[in-house]
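Below is one structure, written out as C-alpha cells; the observations come after it.
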Amino acid sequence: MRPDPMRPSAILWDWDNTLVDGWAAIQHGLNAAFREFALPEWDRGTVLRNVRRSLRESFPEIFGAEWERARDIFYAGVRACHLQVLSPMPAAEAAILAVATIGLPQGVISNKQGPLLRAEAAHLGWAGHFRILLGAGDAAADKPDPAPFRLAFPALGAASGPATWYIGDTALDMQAARAAGCTAVLLGDAAHDGGVANVAPDLAFPDAAALAAWLRDPPVR
C-alpha cells in the first residue's frame, strides 16, 4: 500500500458489497437459472466467493451454448425482487455524502447490469450524487477491462492517474483500478479474496466509516 496516499480529486465506486448489499437478489436469480439447468444451487457464501466478473463473461463458462437463456432467467429473477431486498452497506451513505461535501465528483462502475444499477441508485435516493452510473453492458467491455473507466473519466472531468480513486471490495476491483491507471482503494477485509495483503491495494480502509473520516480530515502529506 502507498504509505502517503494522494488526496483524491475524483472518486469512482464499485456497487455491490461496496455501497450496497443486494446479494439476496443475485442469489435468487442465479438459483433460478441453476434450477432450470439442473445445476446445484449456491448459498450466500458461495455467491460471495464466486460472483466477480460480469455475466457476459461468466455465464458462457457455466451454461455453455445456452448461456443467453440462463441470462434471461437470471435477470427475471433479479428484477422480481432486487429493490425489495436492497440495503445500503454500513456507513455507505455517510461516505457518499462526505465525498459530496468536499466537492469531489463521483460515479459508479459496476458489473451489475446498467439498468438494474441505475434503478437501485434511484430507489435509494443516491442517483443525484453520481455524475455517471455505469454497469455491465454499458461499455464495449466490462471491468476489469478499462473500457468503462474511459467512459467515466469525461463525465467526472477526471483523468487516469493517482488522483482518481476507484474504491471496491475485491481483487478484481483492484485489478480494474490498476488497469485504468487509478489509485486502487480497498474497502473491507477482502476475506473472500485471501485478505488485504493478497489483494494488494494502494490504500485500504476497514469500512466506509473509516473512509468517510479520512475524506473529511485526510492526513497531512
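Structure summary
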quantity	calculated
Vicinal HN-Hα couplings computed from phi for segment 27-44 (Karplus, 6.51 cos²θ - 1.76 cosθ + 1.60; Hz; Gly/Pro x)	4, 4, x, 4, 5, 4, 5, 4, 4, 4, 9, 6, 9, x, 7, 9, 7, 4
Net charge of neighbours whose Cβ lies under 14 Å from the Cβ of R44, counting Lys and Arg as +1 and Asp and Glu as -1	-3
Order by protection proxy (mean Cβ within 10 Å, highest first), peptides 164-175, 81-92	164-175, 81-92
Computed [θ] at 222 nm, deg cm²/dmol, the chain (DSSP H ≥ 4; -39,500 (n - 2.57); rounded to nearest 500)	-14000 deg cm²/dmol
Computed P(r) (all Cα pairs; segment 23-85; 10 Å bins; percent)	24, 61, 16, 0
Under-5 Å amide H pairs with N17, H placed in peptide plane, nonlocal only	G22
Phi to ³J(HN,Hα) by Karplus 6.51 cos²θ - 1.76 cosθ + 1.60 over segment 155-161, Hz, x for Gly, Pro	5, 8, x, 10, 8, 4, x
Rounded to 10°, Cα long-axis angle of helix 92-101 versus longest principal axis of the chain	40
Counted charge near G22, where neighbours are those whose Cβ lies closer than 14 Å (Asp, Glu -1; Lys, Arg +1)	-1
Angle between the chain longest axis and helix 114-124 axis [Cα atoms, degrees, rounded to 10]	60
Pairwise centroid distance, computed over Cα atoms, of segment 118-177 with segment 1-69, Å	16
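Bear in mind that the values in this text are calculations on the coordinates, not laboratory data. Computed from a predicted model, the values in this text were never measured in an experiment. Don't worry about glycine lacking a Cβ; one is built from the backbone with ideal geometry, like all the others, and counts go over all protein chains shown.
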